[in-house]
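The values are calculated or read from the model by the stated rules, or taken from the named source; none is laboratory data. Please read all numbers here as calculations on a predicted model, not as lab measurements. As a convention, Cβ positions derive from the backbone with ideal geometry for all residues, glycine included, and neighbour counts pool all protein chains shown. We work out accessible area using only protein heavy atoms, side chains counted, and drop any ligands, DNA or RNA first. Shrake-Rupley method; radii C 1.70, N 1.55, O 1.52, S 1.80 Å.
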Amino acid sequence: MKVSQEQYQKIEVYLKTKGIHQIDLKYEILDHILLGTEGSMETDGLCFEEAFALEKIKWQSELDAYTMAEGQVHFKTPKIVLRRYWLGIKEMYIKAGIMTLGALLPLIVFIKTDLVPIATFHTLFGYFYVFAFTAIALLFLKMRAKGKNTTDKMMFKASMGYFMAWLVVFNPLLGNLYWVRQEGEFMAVFFGIHVFLLCFSFNFIDLYKAHVKKVKMYSL
């Protein structure tokens, strides 16, 4: 038994009141609730309100605001949204970490064999940071102009602030605190940080592309 358009809209309103504003996550949850509601109506002979009430109970733990019991810290964001956010951020760091490990060995070989002067890396990192800072700001403005929210936009917005701050703090063009070579000594840790920041920045391109794809998909 299919729900009516009016009943469908009731489910949409319910998800909105629960704080589900990301269109991809909204339609994902909505599909599950629809299937459960229609299944109860058809199999158990329940009316829409009764079947929908059962689905609300099933999804209550996922859609209620998240609370950290030990510290009694309350988040207005639903638990399922926070979980999706942390999984996405974890994936971003893992991806950047793998890329960093793959890039470090050949780059260090270039430095140790004097194939590429250290000064060249300082310049390249510095200008790349300026480019990445500008690109992230422009991509976010383009995402914001579309007026649609997705989990990808949520992760982009949540991580861009501190990452852009890193791009400023670690920029070799703005200071020599985090240079690759200091007092004649190769600073492997700083070099690794620079390469990691370079690799991590590609996550924002992936988030932007995923956001645009989902906006097109759910706008049809």
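Miscellaneous remarks
- If you take all other residues with their beta carbon under 12 Å from the beta carbon of GLU62, and give Lys and Arg +1 and Asp and Glu -1, the sum is +3.
- In degrees, nearest ten, helix 202-218 long axis to first principal axis of the chain (Cα): 20
- Cα gyration tensor shape of segment 107-169, rounded if a/c is under 1.5, else prolate or oblate by comparing a/b with b/c: prolate
- Note on LYS153: aspartates and glutamates with a C-alpha under 12 Å away, same-chain residues under 8 apart excluded, are ASP24, ASP206.
- Karplus-based coupling profile of segment 100-109, in residue order and whole Hz: 5, 4, x, 8, 5, 4, x, 5, 5, 4, with θ = phi - 60° in 6.51 cos²θ - 1.76 cosθ + 1.60 and x standing for Gly or Pro.
- The fraction of accessible area contributed by carbon and sulfur in the chain is 64 percent, rounded to a whole number (1.4 Å probe; ligands and nucleic acids excluded).
- In degrees, nearest ten, helix 188-200 long axis to first principal axis of the chain (Cα): 40
- Taking semi-axes √(5λ) of the Cα gyration tensor in Å as calculated from this structure, the corresponding entry among (i) 27, 23, 14; (ii) 48, 17, 15; (iii) 42, 18, 14 is (ii).
- Taking 29 Å as the limit for the C-alpha separation, the pairs LYS10/LYS142; LYS112/LYS157; LYS79/LYS148; LYS16/LYS95; LYS10/LYS79; LYS18/LYS142 exceed it in the case of LYS10/LYS142; LYS112/LYS157; LYS16/LYS95.
- The long axis of helix 5-17 is offset from the longest Cα principal axis of the chain by roughly 50 degrees.
- Per residue, the accessible area of the chain comes to 59 Å² when a 1.4 Å probe rolls over the protein heavy atoms.
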